[in-house]
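The values are calculated or read from the model by the stated rules, or taken from the named source; none is laboratory data. Just so it is clear, the structure is predicted and the values come from calculations on it, not from any experiment. FYI the Cβ positions are ideal-geometry reconstructions off the backbone, even for glycines, and counts take in every protein chain you see.
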Amino acid sequence: MRISGKSFDIFIGDMLVHVDKATVEITDNSSVAKNRGVPNGRVLGDVEASGSMEMDAAAFGLISEVAKKAGSFRGMPTFDLLFHAEGTTESKQVEAFGCAFKIDSLLDVDANGSDKDVTKLAFDVTSPDFIKINGVPYLSESETKDLI
């Protein structure tokens, strides 16, 4: 069996959370090095990662409890996120470290609609541990030395 969006278990810290949609995006500003306008190797650039999660009221309630304990949504600690899926012949695991949440879309009410309530949380990756894909770090050890 192949993996699909339904295959993923998503952990925010140690909480298993069911989300309707999740994304993780990496921006890598590495570029081609040139001599007299001719490609000659590459130059590593800065990196950043961010993403979002759309969740129903039950899942958002778990996040709200963490915010309540922290005293505010902006005061919440950062979280490590784990996205894991297993099929019979394939698997995928993405880890994002030190994620800071921001509420992106709090409320979208349609009195004539039959869709469930969904809250969208955006997040930025803030840790030098950055991202691991199937257990492999995106950044090399030399890039993060003296940071971790």
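Restricting attention to segment 4-30 and to residues that are over 23 Å from Ile103 (Cβ atoms) and of a type in the set (S, T, N, Q), the residue that is surrounded by the most Cβ atoms within 10 Å (Cβ to Cβ) turns out to be Ser7. In segment 65-78, is there at least one residue being outside any helix (DSSP H, G or I), at negative phi and of a type in the set (Asp, Glu)? No: zero hits. Residues in segment 107-127 that are surrounded by 15 or more Cβ atoms within 10 Å (Cβ to Cβ) and more than 18 Å from Met55 (Cβ to Cβ): 3 in all. Within segment 61-106, the set of residues being exposed (fewer than 15 other Cβ atoms within 10 Å of the Cβ) and closer than 17 Å to Thr126 by Cβ comprises Ala70, Arg74, Gly75, Pro77, Lys102, Asp104.
Could you tell me which numbered condition Met1 fails, if it satisfies all but one of (1) surrounded by 12 or more Cβ atoms within 10 Å (Cβ to Cβ); (2) at pLDDT below 95; (3) farther than 16 Å from Gln93 by Cα? So the condition that Met1 fails would be (1).
Can you work out which of the residues in segment 47-60 that are in a strand (DSSP E or B) and aliphatic (A, V, I, L, M) is nearest to Asp124 (Cα to Cα)? So, considering only residues that are in a strand (DSSP E or B) and aliphatic (A, V, I, L, M), the one nearest to Asp124 (Cα to Cα) is Ala49. With respect to the conditions (1) closer than 17 Å to Val17 by Cα; (2) of a type outside the set (Phe, Trp, Tyr); (3) assigned to a loop (DSSP other than H, G, I, E, B); (4) touching a Lys or Arg at 6+ places or on another chain (Cβ under 9 Å), Lys116 lacks only one, and its number is (4). Name the single residue that is surrounded by the fewest Cβ atoms within 10 Å (Cβ to Cβ) among those in segment 128-148 being in contact with a Gly (Cβ under 9 Å, 6 or more places away or on another chain) and under 17 Å from Gln93 (Cβ atoms). By that ranking, first place goes to Asp129.
Under the condition of being touching a residue at least 60 places away in the same chain (Cβ under 8 Å) and on the phi < 0 side of the Ramachandran plot, the residues counted in segment 112-148 number 14.
Among the residues of segment 119-148, those identified as of a type in the set (S, T, N, Q) and outside any loop (DSSP other than H, G, I, E, B) are Thr119, Ser142, Thr144.
Being assigned to a strand (DSSP E or B), farther than 30 Å from Ile63 by Cα and without any contact (Cβ under 8 Å) to a residue 12 or more places away in the chain is the filter here; which residues of segment 15-46 pass it? Matches in segment 15-46: Val32, Ala33, Lys34, Asn35, Val38, Pro39, Asn40, Gly41. Selection of segment 31-60 for residues being surrounded by fewer than 17 Cβ atoms within 10 Å (Cβ to Cβ), in contact with a Lys or Arg (Cβ under 9 Å, 6 or more places away or on another chain) and among the charged types (D, E, K, R) yields only Asp56. Checked against (1) part of a loop (DSSP other than H, G, I, E, B); (2) hydrophobic (A, V, I, L, M, F, W, C); (3) at pLDDT 95 or above, Phe101 passes all but a single condition, namely (1).
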